[in-house]
1. Assigning unit charges at the beta carbon (Lys, Arg +1; Asp, Glu -1) and nothing else, what dipole magnitude in debye, to the nearest 20, does region 36-178 show about its Cα centre?
2. Probe radius 1.4 Å, ligands and nucleic acids ignored: give me the carbon and sulfur share of the accessible area of the chain as a rounded percent.
3. Highest mean first, what order results for 114-123, 151-160 on Cβ atoms within 10 Å?
4. Can you give the calculated 222 nm mean residue ellipticity of the chain, where each DSSP H run of n ≥ 4 adds -39,500 (n - 2.57) and the sum is split over every residue, rounded to the nearest 500 deg cm²/dmol?
5. Just the number please: accessible area per residue for the chain, 1.4 Å probe, all protein chains included, in Å².
6. Using the alpha-carbon centroid of each, what span in Å lies between region 139-166 and region 39-100?
7. In the set (1) 1.99; (2) 0.94; (3) 1.01, which value of Rg/Rh (Cα atoms, Kirkwood Rh) was calculated from the structure you see?
8. By how many nm would the segment from L168 to R26 grow when fully extended, if each residue of separation counts as 0.36 nm and the alpha-carbon distance is taken off?
Amino acid sequence: MVNDINLVSNKDESTLKQKKQLRVVRITAVASLVMVFLFSVLIFVISSMIGLSSIKNSENSALNSISFLHKKEAELAIVNNRLQDITTILQNRKNYTSEINSLLQIIPSGAYVNSIEINKDSLTLVIVSNSLLPINSFLNSLTGFAQKNQLVKDVIIENLSINGKTGLYSLSIQATIL
């Protein structure tokens, strides 16, 4: 009969064994969770570092590009300003082309222009010829323009000379341009 009475039950042993297994499973689960968390944080930090360096490189290249373009923009603004100033000067400047063409048309054959100088409102012209007849013809045409108030006014003969070596006559006049 003593054999039939069991004061320690097998149930406690199996319960203890189950509790140990449960504890091992819980520790393994927590350890796995911590490892997954740490691994995730590590991957995030690494990807952030790689991403940040590429972003910083992109930022630096963009800043360099902007700085380069800023210099180009400043140069372009200077060039545009100069072009605008040149355009203004050209628009305000008197065009002497028609006056010069009119003067060249009245120069007779046998005479030619040695020099011409045009200032704001005056003209200095040197005509050379081998005879006084073309010079006389030019002076008559020029005084005709001055009398009609076309092209010039106030014609002044500055110099009339002859070169002894070449035999060429030289007439220097100054006139006020209209």
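The values are calculated or read from the model by the stated rules, or taken from the named source; none is laboratory data. These numbers come from a predicted model, not from an experiment. Neighbour counts run over all protein chains shown; Cβ positions are idealised from the backbone, glycine included. Just the protein is used for accessible areas: all its heavy atoms, side chains included, with ligands, DNA and RNA removed. Shrake-Rupley method; radii C 1.70, N 1.55, O 1.52, S 1.80 Å.
1. 80 debye
2. Here it works out to 60 percent.
3. 151-160, 114-123
4. -22500 deg cm²/dmol
5. Value returned for the chain: 80 Å² of accessible area per residue.
6. Cα centroid of region 139-166 versus Cα centroid of region 39-100: 58 Å apart.
7. For Rg/Rh (Cα atoms, Kirkwood Rh), the calculated option is (1).
8. 38.6 nm
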